[in-house]
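We did not get these values from a lab; they are worked out from the coordinates using the rules stated. Keep in mind that this is a model prediction, so the values were computed, not measured. Note that we place each Cβ from the backbone using ideal geometry, even for glycine, and neighbour counts take in every protein chain shown.
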Amino acid sequence: MNRRNQNIVTQGVDYVVIWLYAILVAIGILCIFMVEYRPNTDWLASFLDGKTSYSKQLIFAGVCAIVATFILLTDSKLFTAFANLFYLLGILLMIATFAIGKNINGSKSWIPLAGGFNLQPAELCKIFVSLALAKYLSRQEIDFSKIRSQLVAGAIALAPAVLSILQHELGLALVYTSFVIAMYREGLPAQILIIGSSFGALVVATLILEPNVLAIILTIIAAVVIFVLRKQIKKKKGLLTMIITIWLVCVGVQRFVVPYIFNNVLECYQSTRIYSMVGKEYNCDDNKHAQDKSSSNKTVRKPDDYNVRQSKIAIGSGGFFGRGFLKGTQTRGKYVPAQSTDFIFTSLGEAFGFVGCLIFLIIYLFLLIRIVRIAERQRSTFSRVYAYSVASILLFHIAVNVSMTIGLFPIVGIPLPLVSYGGSSLLTFTVLIFILLRLDADRQMVLR
Amino acid sequence: MPVFNQSRSRVIQFIFAGVFIAITGQLINLQLFSGQYKLAADNNAFYRKVIYPDRGIIFDRKKRGILENTISYDLVVIPSEARGTDTMTLCRLLNIDTATYKKRMRDLIFKNTSVKPSVFEALLTPEMFAKLNENMYRFPGFSLNERSVRTYPYNVGAAVLGYMAEVDTGFLRRHKGEGYEMGDYFGSTGLENIYEKVLMGQRGIKRYIRDNKGRLQGSWENGAYDTAAVAGNNLYSSIDVELQELGEKLMQNKVGSIVAIDPKTGGILCMVSAPTYNPNYLTGNQRKKHLVDMLYFDPRLPLLNRTVGTFYSPGSTFKTMVGIIGMNEGVIDDNFTVSCGGAYYGCGRPMGCHAAGTFTLKPAISKSCNSYFAATYRRILENGKYPNRDSALSSFNQYAYSFGLGRRLGVDLPSEKMGNMPTPKYYHGIFGKNWQSCNIISNSIGQGEITTTLTQLANVMAIIANKGWYYTPHLIDSIEGGDELGMLEKFKIKHKTKEIPEYVWEEVHEGMQGTMEFGTGFYAKVPGINVCGKTGTVENAYRGEKLKDHAFFGAFAPRENPRIAIAVMCENAGYGATSAAPIASLLIEKYLKDSISGNDRKAKIEQLAKMDLIPPQMKRQMAKRDSLRQAQQMATAKKAARDTSGVEEAPEEIEIESIPSKPNPTKTPKKDSGRTAAVLPEELRKSTSIKRKTAA
């Protein structure tokens, strides 16, 4: 009993996740060191100075360790109890940025704190949304198969996203779409996922293929489907109408919706980034925002795909085994912009090559699978939904960040979890993961 | 709590795995199958710096450096760091105005960005360097970079040693894969050109890491993959620099050339082409100005190497060959005599002659009797041994070829000319199949269609001295570190003339010694040395106007053990005995005795140096040029300003049209200073009527 009391805090904590967490943070600091390292400077002195990013990141890691310990020391009931309150606080903070926000890199989404640190409420909101969503879905009276519940859950997830878009933080807004995975686990109809991914495929196809070619292909597909299903259609007239409707919608999307989105909704640089991903050039003259700007006599900066090109060069030049630790020429020459934050993966890719990247990705995948396992062993819906939210957020960050550095996804400014330089991001993920560990440690306690 | 949708956990895990597989697929594509990224990364990050080694030094026969390297300084600027520069002071020190300063800065930034170092002012003069060096603290962003430039410590041998020029696109095209880059310099003329591969050494490559703005970040892998520059190999030439100095001094105010050869080795002892210039003019930052103003438009053509690059009728010096061939063919012997009453009448029109009397071979050489050699030449051509005159002339030419005439000798200098030994076919074109010996009788006394370069003539003297053999005349004896390219192999081959018996040579030597003792070369005697010599005086005309004769002199000494064979030529100097012969005699004395003894001989040097023998037509052109230049002062001043802007251009890029009335278009040396013959023999050769010549 004594022994049990001593270990009360660590009781039931999943050490595998803690180890993976520690490894990833260490890799992150190492990568930032690679980016910052200059051969002719005394790295130890500048490290002790605390002026460099890697020493700052180490300080952040220390702070995170303290925060993590505190979270592990709290009672998991706290999170269920305060979930809605936290959510409200997060939304208020985000609204507050419109009033007291500080402009960093063109987005007014930061709240200045004491000591030169800045807080990005949109980051913290991920935690709050996860908790609030878990709280909502774990309510006894909720039947998630009902449309109304689905809409409410969607609103909880997307409210911060809307605010983020208003702050011109598209990347952060996109993160909130990842909650769809957690919701899917809880019974969201699979059709939504299928329709969503079909729409994505259609957009990509629109970008790659000529409009007429795509229209013909779509028509052929529709004809083939009608031919195959001709017997069922005879039995059920509604099926034919449905196929024709889908075909019409697809052609309409391809013909009108996609160009409309690129020309009128997205900014010129965003459209260019998406086009450059598939290797095409976007004509900014078609863009409404660009036209507005040029008509008001502001010079339109012509964006190019410099970032993604340099990023691909850095990763591609790593080859199989990489150039070696601190030997990356692209990293040393600062060719990749924002390399210690959003493009941190490039330093890893250049220094350690395909082997290093693969090991790194396997660590991530292992962490994700582990979290899914943890989620499935929870007895409470709250913990399970929360765990899936964490896994979804992590997956989204990893997938989008790595994909954009290797040219699979247009560039959106979201960090690589636990690795990218930045206190807000590291703290957010630490809190996310350690709340999960706390909940998991208490999985035996009660049904919530 | 019932667990709904448990199966969806699998789906989600599959989605996770799918995302990671897609990422891995793209990583395989990027990192394993796309070579272009590695290449692009190297292009991004590496800065390849060429390290220029010191060029090889050229030494004379006594191991004195006659072409060396010295340090010069460039003023280099990184424009982005030059904000706080004291522009006024800098402009004052460089003698430019602030507008020029601003323009240059703009150009440099345009060409080379503002973060990379560019040359602001190339090849500073020592005074400028000293002044700038004291004040460098006032000019942040500026620095003084040293570089190696060529220097000629004795200020002699311009035509022989040659100069360097910046490579142009044509050169780069011709020399692909030899490591030249835009902005490099290469040996453009003379020995610098011929031995370029030996002198240039091996360039080193240093690899630097460069950042995204092009700034260097230090060496790559601490220089593990760098290659060191290997200095060029030194060359040991056969030139005697004191002899060269004396030769150039004696040829002041004259147009002509001197070639002296060591007959034992074929090594060239001195090679003077007058007028010459100080080769150091073509090294500093005034190089282009000098090249254009002083050399390129000088009607005396100082850039033309008259020792190998032009050909002349050899004049009476050729008579020695006619004598030797006549003797060897058996058409004359030492009892054969010719009486000369002052002219040769054998061909109808009289061919004038200075000395009257009855001659055998020896005195005929000594007194340079035209009649004797005209008769001998006719006998050679009418020789019964041969079926016709064509084959007789061919046989004569075979002798000439074996004496190194009518062919390129293979001297280690660029653009050597062949001279001309007219063949029977050549005369068929002029006179038809039935040409007569009288048609070409001028050849007997070294006029007419026969032309040689002065080096060929000196080589003939060496052959006579050696009694029938020679090594190809050459300037470079050995290469430090071995002759890896086999460039000197051809100079080690002993060439032999057609078999000629000893007594023939003795006979000719006797006659040539007589020249010096009682003959035409009497005034060129060298006290205490048995010199064998032969004068020559060549009639010539320029654009139909008859000019003063060219003076020739060929000699070797001492007769018993020849150590120097020499040929001297002064264009339009008149009688050979007054200019060419004394110059040769002084050089022989200098070489054999190491100094000139006796006050009268020393005074002779000064007297000869002062003797002004510039041909009058050239003087007229020079005067014309000077007045033209005055009229053009504005344009020239502008041009000069451009010249000093540090942008060096090869001389061939200069627009000739910038001087409206050129002295003589056909004489303007093209690229290698002397593709065209500077003197008239060409015109003579083309004329169908052969004039009867007088020669002494």
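Straight-line cross-link partners of B:K206 among the lysines, defined as a Cα under 29 Å from its Cα and at least 8 positions apart when in the same chain: A:K312, A:K327, A:K334, B:K38, B:K49, B:K111, B:K116, B:K176, B:K197.
Out of every Cα-Cα pair that chain B contains, those further apart than 42 angstrom amount to 40 percent.
Cross-link reach is defined here as a Cα-Cα straight distance under 23 Å, omitting same-chain residues fewer than 8 places apart; for B:K610 the lysines meeting it are B:K249, B:K254, B:K525, B:K548, B:K590, B:K602, B:K619. Candidate cross-link partners of B:K131 among the lysines, defined by an alpha-carbon separation under 20 Å and a same-chain spacing of 8 or more, are absent. Taking θ as phi - 60° and the Karplus parameters 6.51, -1.76 and 1.60, the scalar couplings of the range A:309-314 work out to 5, 5, 5, 5, 4, 4 Hz in sequence order, x denoting glycine and proline. Across A:K280, A:K312, A:K235, mean-square fluctuation computed from a Gaussian network of chain A (C-alpha pairs under 10 Å connected) peaks at A:K235. Within the range B:432-474, none of the chymotrypsin sites (Phe, Trp or Tyr not before Pro) combine a DSSP coil assignment with at most 14 other C-beta atoms in a 10 angstrom radius. In terms of surrounding Cβ atoms within a 10 Å radius of their Cβ, B:M105, B:M271 rank from fewest to most as B:M105, B:M271. Among the trypsin sites (Lys or Arg not before Pro) in the range B:57-148, those placed in a DSSP loop whose Cβ has at most 12 other Cβ atoms within 10 Å are B:K62, B:K63, B:R83. When restricted to Cα atoms, chain A yields an Rg and a Dmax of 24.0, 81 Å, respectively.
Dipole check for the range A:297-429: with +1 at the C-beta of Lys and Arg, -1 at the C-beta of Asp and Glu, and the Cα centre as origin, the magnitude is about 80 Debye. For chain A, A:C31, A:C64, A:C125, A:C250, A:C357 stand unpaired, since no other cysteine beta carbon lies under 4.7 Å from theirs. Both radii are taken from the alpha-carbon atoms of the range B:48-237; with Rh as the Kirkwood radius, Rg/Rh is 1.00. Distance from the Cα centroid of the range B:27-84 to that of the range B:508-559 is 55 Å (rounded to whole angstrom). Dipole of chain A computed with +1 at Lys/Arg Cβ and -1 at Asp/Glu Cβ about the Cα centre; of A:A222, A:S424, A:A155, farthest Cα towards the positive end is A:A222. Computed about the Cα centre, the dipole magnitude for the protein assembly as shown is approximately 3220 debye when only Lys and Arg (+1) and Asp and Glu (-1) carry charge, each at its Cβ. The helix-only estimate of mean residue ellipticity at 222 nm for the protein assembly as shown, built from DSSP H runs of length n ≥ 4 each weighted as -39500 (n - 2.57), is -14500 deg cm²/dmol after division by the residue total. If I take R0 = 22 Å and measure r between the Cβ atoms of A:I147 and A:I194 in this structure, what FRET efficiency does the formula 1/(1 + (r/R0)^6) give, to the nearest 0.05? Result of the calculation: an efficiency of 0.80.
Positive contributions from Lys and Arg (+1) and negative ones from Asp and Glu (-1), summed over other residues with Cβ under 11 Å from the Cβ of B:D74, come out at -1. Taking only the C-alpha atoms of the range A:197-295, the Rg (one decimal) and the largest Cα-Cα distance, Dmax (whole number), read 17.1, 58 Å.
The residue among B:L172, B:T85, B:F120 whose Cα reaches farthest toward the positive pole of the charge dipole of the range B:48-237, with charges on the beta-carbon of Lys, Arg, Asp and Glu, is B:L172. Over 54 Å, how big is the tail of the calculated P(r) for the protein assembly as shown, in percent of all Cα pairs? Cα-Cα pairs in the protein assembly as shown separated by more than 54 Å: 48 percent.
Counts of other chain beta carbons within 10 angstrom of each beta carbon in peptide B:6-16 average 6. What does the charge add up to near A:I29, with Lys and Arg as +1, Asp and Glu as -1, over the other residues with Cβ less than 11 Å from its Cβ? Taking every Cβ under 11 Å from that of A:I29, the sum is 0.
Given R0 = 56 Å, the distance between the Cβ atoms of A:R379 and A:I95 translates into a calculated FRET efficiency of 0.95.
By the Cβ distance rule of under 4.7 Å, chain B has these cysteines without a partner: B:C91, B:C270, B:C340, B:C353, B:C369, B:C532, B:C570. Only lysine pairs 8 or more places apart or on separate chains count here, and in the range A:68-207 those with Cα atoms under 25 Å apart total 7.
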